[in-house]
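**Student:** One structure follows; several queries about it will come next.
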Amino acid sequence: MKDFELLLLDGTNPSGVSMTRDILAAAALLAARNGEAAPSWGLHSVAGGRVELQGGIAAATTRLPARRKPARSVLLVPGIWVADARELRTRLDADDCRQAVRHIAAHVAGGGQVAASCSAVFLLQAAGVLAGRHATTTWWLAPELARIAADVRVEANRILCIDGPVLTAGAAFAQSDLVLHLLRARFGARIADGVSRVLLLHERGQQAQFVVPAMLASGDALVARLTRRVETALPDVPSVAELAGELCVSERTLGRRVRHATGMGTIALIRSIRLHRARSLLQNSRLSIERVAAAVGYQDATALRRLMRKAAGTTPAGMRATVAVAAPRRRERGRA
């Protein structure tokens with residue numbers, strides 16, 4: 001049995017497949033050079049044979065192996081290319097997706113891990129493995145996931161969510177964050193960090209938990225206005241009641257619109273905007289952590305550290321370390 005089983009469906013985003021393969025191939029090469037255990041993987045589909053990926057690219061696959069208990073492999077499902085939620089619903093009704101859903105459910109029931117990114121997260125929802133868990137998906141499909149899955153805590157501002165044996169990631173390129181996390185968990189930090197450096201992915205790990213707040217509005221003009229208002233008001237953000245009054249809606253209506261557009265509550269959206277601003281200040285200024293905390297509305301740095309660790313798994317100092325902020329050197333006279 002392979003360490004990683006990639007489940008491909010017709011229309012799968014080829015970027016998710018190629019990223020996964022490149023990361024695992026780099027990990028295998030580094031492991032061999034270091035005399036360590038190397039990850040193994042395979043490309044699979046529900047029936048085996050040629051799978052037509054999005055954009056006219058094809059991949060040769062083998063049929064998914066029979067389930068064993070305990071299931072030791074990680075089932076990886078890259079996103080499927082769809083234009084909108086309606087097309088996604090139609091695609092999920094296709095026979096290959098229905099078979100994939102049954103396989104996902106059986107895999108998790110057998111003790112295995114499953115990881116999906118982008119639209120493929122909806123396959124996990126259909127399989128029932130997201131119930132009662134935290135999950136994310138691509139920002140523009142988050143409202144649809146929140147609509148159909150009341151028993152799932154959708155965190156649209158996260159690009160990676162780990163909840164027990166179920167891992168979900170945001171848009172297609174978040175597949176790299178997903179695979180790096182799994183590499184770190186299964187093969188150690190040395191291999192994962194080495195791959196990050198070789199493939200220039202080292203900055204993504206700590207930046208990956210942040211989605212630009214304006215993107216979370218998902219086309220809702222009211223939520224876009226709310227987002228802009230909060231961003232311009234920092235650090236002194238009005239209360240939710242005051243914000244609702246300014247926007248001429250009730251708190252309940254505002255909360256409903258925010259949840260529909262983002263999959264999160266109004267307070268969580270405001271917190272996400274604070275966090276995004278803090279990250280920007282940490283990486284693009286020389287302000288102390290205490291001053292950054294004050295600039296986004298926290299009385300002390302402890303609150304910011306707590307929030308950042310919970311949301312991104314890092315600290316303000318760790319976030320700042322991903323980008324070196326240095327003043328330009330003065331040219332010496334007489335030299336070019």
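Computed from the coordinates by the stated procedures, all read-outs in this text should not be read as laboratory data. Just so it is clear, the structure is predicted and the values come from calculations on it, not from any experiment. Every residue, glycine among them, receives a Cβ derived from its backbone with ideal geometry; neighbour counts consider all protein chains shown.
**Student:** Fewest Cβ neighbours within 10 Å first, please rank Cys248, Cys118, Cys97 accordingly.
**Tutor:** Cys248, Cys97, Cys118
**Student:** On a C-alpha basis, how far is the centre of the stretch 62-105 from the centre of the stretch 129-164 in Å? Whole number, if you could?
**Tutor:** The stretch 62-105 and the stretch 129-164 have Cα centres separated by 17 Å.
**Student:** Let me ask something else about it. In whole angstrom, note down how far apart the Cα centers of the stretch 4-40 and the stretch 246-325 are.
**Tutor:** Cα centres, the stretch 4-40 to the stretch 246-325: 34 Å.
**Student:** Right, next: Once you have the Cα-Cα distance between Leu222 and Arg252, take 0.36 nm times their residue separation minus that, and quote the gain in nm to one decimal.
**Tutor:** Contour length minus the Cα-Cα distance gives 9.5 nm.
**Student:** If you don't mind, another one. Helix 301-312 against the longest principal axis of the chain: what's the angle in degrees, Cα atoms only, rounded to the nearest 10?
**Tutor:** Around 20 degrees separate the two axes.
**Student:** Then there is this: Please list, by residue number, every one of the GluC sites (Glu not before Pro) in the stretch 1-64 that is coil in DSSP and has at most 16 other beta-carbon atoms within 10 Å. Kindly include the intermediate steps, with their values, before the conclusion.
**Tutor:** Details: sites: Glu5, Glu36, Glu52; in loops: Glu36.
Sparse-neighbourhood loop GluC sites (Glu not before Pro): Glu36.
**Student:** Just grab the label-to-label distance for Ser285 and Arg197, each label 7 Å out from Cα along the Cβ direction, in nm (one decimal).
**Tutor:** That separation, rounded to one decimal, is 3.2 nm.
**Student:** Cβ neighbours within 10 Å, averaged per peptide: list 81-88, 307-314 in order, most packed at the top.
**Tutor:** Top of the packing list down: 307-314, 81-88.
**Student:** Additional query: Counting only C-alpha contacts under 8 Å and six or more residues apart, can you give the relative contact order of the chain as a whole percent?
**Tutor:** Taking the mean separation of contacting Cα pairs over the length of the chain, I get 13 percent.
**Student:** Can you tell me the 0 to 90 degree angle between the C-alpha axis of helix 251-262 and the longest principal axis of the chain, rounded to 10?
**Tutor:** Taking the Cα atoms of the chain, the angle to 251-262 is about 40 degrees.
**Student:** So for the stretch 213-321, averaging the separation of alpha carbon pairs under 8 Å that are six or more residues apart and normalising by length, what relative contact order in percent results? Let's see the in-between values first.
**Tutor:** Numbers: 109 pairs, mean separation 26.3, N = 109.
Averaging sequence separation for qualifying contacts and normalising by length gives 24 percent for the stretch 213-321.
**Student:** Ok, one more. Taking other Cβ within 10 Å of each residue's Cβ, how do His44, His134 sort, fewest first?
**Tutor:** Going from least to most buried by this count: His134, His44.
**Student:** Evaluate the charge dipole of the chain about its Cα centre and quote only its size in Debye, nearest 20, assuming +1 on the Cβ of each Lys and Arg and -1 on the Cβ of each Asp and Glu. Before the final figure, lay out the partial values.
**Tutor:** Values: 46 positive and 27 negative charges, 205 e Å.
Charge dipole, the chain, about its Cα centre: 980 debye, nearest 20.
**Student:** I need the calculated FRET efficiency for the pair Asp84 and Lys2, taking r as the beta carbon distance and R₀ as 25 Å, to the nearest 0.05. Intermediate results must be reported in sequence, preceding the final value.
**Tutor:** Working: r = 34 Å, r/R0 = 1.36.
Approximately 0.15, to the nearest 0.05.
**Student:** I want the antiparallel fraction of DSSP beta bridges within the stretch 4-207, as a percent rounded to 5.
**Tutor:** 30 percent
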